[in-house]
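J.: Here's a structure for you.
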Amino acid sequence: MAITATISVPITSPTRRTLSSVNFFLSSSSSSRSISATPQRSFKYPNSRLVASSMKTETPVKSTTSTSFLHQKETGFLHFAKYHGLGNDFVLIDNRDSSEPKISSEKAVQICDRNFGVGADGVIFVLPGINGTDYTMRIFNSDGSEPEMCGNGVRCFAKFVSQLESLHGRHSFTIHTGAGLIVPEVLEGGNVRVDMGEPILKASDVPTKLSPNKDQAVVKAEIDVDGIIWNVTCVSMGNPHCLTFSNKETQNLVVDELKLAEIGPKFEHHEMFPARTNTEFVQVLSNSHLKMRVWERGAGATLACGTGACATVVAAVLEGRAGRNCTVDLPGGPLQIEWKDEDNHVYMTGSADLVYYGSLPL
């Protein structure tokens, strides 16, 4: 089957890379290499032929590539942008002309496949706003499930909308999500600060079947996972999180030593979590510095989880392990999280970066 895709690579870093000189042609019948002196701006993959290029740097110049590319309307093609928030990567689709996603969850699974598709932790759709909001955000995970919301995804969503609408400088807008109203603010330096709302602590609303042990919340409660007793705190940021800092064998986790692929699924599918759960394993470095690894519901081990970082700080405060304003180190980089006492809202600040633009046949 012939597969055709186009990738356009914009550069947003202080130095701009331009494509030059080297083309590689790969096929089952030939492994020859040809070299061209003609600079190129995009990659094309017709019938398993790969065209790639080397890069060089030059002085930044203003480009309208994103605007022109994302507004193409060829019939039969899906235009998208690939973004990542600390390595948690997503395919972003401009869906503002319809209240239903342009592709099915099954198609999203194919797109997210890292060997046979684009490769991503999820597909995010920018839909028209409802209930007075500017936009609506929906997500399909890499397994086809649909989560309520995604913290890293909402930062990528905000940067994508800024490009679609040609917004510049500091600005914010409102987003309707399955977790409720979310308000991201794109800052002057390019980072995104998001008001993630209030954490949900009532056990039945997280949801978890674990018995509340602090008011209506589950804080540092015991749970048996595959024969090991873990101490967990349960928090929802619109999606469920189970957070652990210790177990019976280790009072202070060293998260890099964990076999996440083995233990993560056992938490996710545990009978105490009727909607499954995201699970965060947390190491306390100081009163304002935490280190976390995450197993995400529907996506597995990822390099970062924004809602998980928010839930991590909430759990650390509830267990008396850290203050309300913390840097949370994730495998993909740091997030700054603040759980404000004044309004009980959690605020997340971090990066969201464009990787490339692309098109796929529908």
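J.: Taking θ = phi - 60°, what integer Hz values does the Karplus form 6.51 cos²θ - 1.76 cosθ + 1.60 yield along segment 236-243, in sequence order, with x for Gly and Pro?
T.: Taking θ as phi minus 60°, the curve returns 10, 10, x, 9, x, 9, 10, 10 Hz for segment 236-243.
J.: Go through segment 234-313 and name the GluC sites (Glu not before Pro) that are in a DSSP coil and have 11 or fewer other Cβ atoms within 10 Å of their Cβ. Intermediate values should be presented prior to the final figure.
T.: On the way: sites: GLU249, GLU257, GLU262, GLU268, GLU271, GLU280, GLU296; in loops: GLU249, GLU271.
Hits after loop and neighbour filter: GLU249, GLU271.
J.: With θ set to phi - 60° and the Karplus curve 6.51 cos²θ - 1.76 cosθ + 1.60, what are the ³J(HN,Hα) couplings of segment 265-275 in order, to the nearest whole Hz, using x for Gly and Pro?
T.: Computed from phi, the couplings for segment 265-275 are x, 5, 6, 3, 9, 5, 4, 6, 10, x, 9 Hz.
J.: So for segment 203-344, averaging the separation of alpha carbon pairs under 8 Å that are six or more residues apart and normalising by length, what relative contact order in percent results?
T.: Values: 303 pairs, mean separation 26.2, N = 142.
Averaging sequence separation for qualifying contacts and normalising by length gives 18 percent for segment 203-344.
J.: For a quick check: with amide H placed at 1.01 Å from N, whose amide H comes under 5 Å from LYS214's, ignoring anything fewer than 5 positions away on the same chain?
T.: VAL219
J.: Then there's this: Of all the accessible heavy-atom surface of segment 203-344, with the other protein chains kept in place and a 1.4 Å probe, what percent is carbon and sulfur?
T.: Values: 2570 of 5720 Å².
Roughly 45 percent of what the probe reaches on segment 203-344 is carbon or sulfur.
J.: Of the listed pairs LYS159/LYS266; LYS102/LYS202; LYS102/LYS266; LYS102/LYS340; LYS248/LYS291, which have alpha-carbon separations greater than 29 Å here? If you can, show how the numbers build up before the last one.
T.: Working: LYS159/LYS266 35 Å; LYS102/LYS202 36 Å; LYS102/LYS266 33 Å; LYS102/LYS340 38 Å; LYS248/LYS291 20 Å.
In this structure, LYS159/LYS266; LYS102/LYS202; LYS102/LYS266; LYS102/LYS340 lie more than 29 Å apart at Cα.
J.: Skip the ligands, DNA and RNA, and give the accessible area per residue of segment 203-344 with a 1.4 Å probe, whole Å².
T.: Values: 5720 Å² over 142 residues.
Here the per-residue accessible area is 40 Å².
J.: Per-residue HN-Hα couplings for segment 127-141, Karplus 6.51 cos²θ - 1.76 cosθ + 1.60 at θ = phi - 60°, whole Hz, x for Gly and Pro?
T.: 10, x, x, 10, 6, x, 7, 6, 8, 10, 10, 10, 9, 10, 5
J.: Taking the Kirkwood radius as the inverse of the mean 1/r across Cα pairs, report the Rg/Rh of segment 218-362. It would help to have the intermediate numbers written out before the result.
T.: Working: Rg = 15.5 Å, Rh = 15.6 Å.
Result for segment 218-362 is an Rg/Rh of 0.99.
J.: Something else: Loop-only check: which trypsin sites (Lys or Arg not before Pro) in segment 221-280 are DSSP coil with at most 10 other Cβ within 10 angstrom?
T.: Working: sites: LYS248, LYS259, LYS266, ARG276; in loops: LYS248, LYS259, ARG276.
Those satisfying the criteria are LYS259.
The values are calculated or read from the model by the stated rules, or taken from the named source; none is laboratory data. In this text the structure is predicted, and so the values were computed from the model without any measurement. Cβ sites come from the backbone with ideal geometry, for glycine too, and all protein chains shown count toward neighbours. Areas reflect the complete protein model, heavy atoms only, side chains present, ligands, DNA and RNA absent. Shrake-Rupley method; radii C 1.70, N 1.55, O 1.52, S 1.80 Å.
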